[in-house]
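Working notes, structure below.
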Amino acid sequence: MSVAINTEIKPFTAQAYHQGKFVEVTDADLKGKWSVVFFYPADFTFVCPTELGDLADHYAELQKMDVEVFSVSTDTHFTHKAWHDSSDTIGKIQYYMVGDQTGTITNNFGVMREGQGLADRATFIIDPQGVIQAIEVTAEGIGRDASDLLRKIKAARYVAAHPGEVCPAKWQEGEATLAPSLDLVGKI
């Protein structure tokens, strides 16, 4: 993987299918608010629609948090529209479905499968400055959980807004955080 936590996203321009229209998306669209870039291997497959549908079911909550979602595969924006129009699960998607047929975005994020032209199953949480705050990559057969993604976004936003505090394992919004200090060493 060629990208890392706390690195800024690289420039890109692509076409996306979004709410019935073809639109241009650039790296600038990922700045100014929290964003999720959600890579998946291909349209019209098996695990991918379950993940994208799960994310669609949580999209309203993400929007209330001012978080935008960009799903990305190496399919074209035309293929995204065809899938959106033919599948009830994909038809409920309101977020951006970005076509990356050149592989620019997938390569920028370091998740292109060598010799296959397909993206790995990968999720990136990006802060308003365009800096990567979390990365999750799973094997082909392991689907991701949008509920856990929400928890991670809430934790990342909390830590960004509260310097000097950290969120422990299984942290949920409203629960106690930690303030790392010499006093805590060996007491957790």
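Each reported figure results from applying straightforward, stated rules to the coordinates on display, with no laboratory input. If you're wondering where the values come from, they're calculated on a predicted model, not measured in any experiment. Cβ sites come from the backbone with ideal geometry, for glycine too, and all protein chains shown count toward neighbours.
Normalising by residue count, segment 135-177 has a Cα convex hull of 77 Å³ per residue. Rounded to the nearest 10 degrees, the angle from helix 47-57 to the longest Cα principal axis of the chain is 70 degrees. Across segment 103-188, the volume of the C-alpha convex hull divided among the residues equals 142 Å³ per residue. Bridgeable lysines around LYS31 (alpha carbons under 20 Å apart, same-chain partners fewer than 8 residues away excluded): LYS10, LYS64, LYS152, LYS154.
Taking the Cβ of MET112 as the center, what net charge do the other residues with Cβ under 12 Å away carry, scoring Lys and Arg +1 and Asp and Glu -1? Local charge sum for MET112: -2.
Using the Cβ atoms and a cut-off under 11 Å, what net charge is assigned to the surroundings of ALA155, where Lys and Arg are +1 and Asp and Glu are -1? Each step should come with its number before you reach the end.
On the way: positive: ARG151, LYS152, LYS154, ARG157, LYS170; negative: ASP148, GLU165, GLU173, GLU175.
That sum, taken over residues with Cβ under 11 Å, equals +1.
Using the rule -39500 (n - 2.57) for each DSSP H run of four or more residues, divided by the residues of the chain, the 222 nm mean residue ellipticity is -7500 deg cm²/dmol. A simple count of charges around LYS81, restricted to other residues whose Cβ falls under 13 Å of its Cβ and scoring Lys, Arg +1 and Asp, Glu -1, yields -2. Charged side chains reduced to their Cβ positions (Lys and Arg at +1, Asp and Glu at -1) give the chain a dipole of some 240 debye around its Cα centre. Here GLN129 and VAL185 are evaluated by their C-beta separation; at R0 = 45 Å the FRET efficiency comes out at 0.90. With R₀ fixed at 30 Å, the C-beta to C-beta distance from ALA60 to LEU178 puts the FRET efficiency at about 0.45. Scoring 165-175, 37-47, 87-97 by mean Cβ neighbours within 10 Å over their residues and listing the highest first yields 37-47, 87-97, 165-175.
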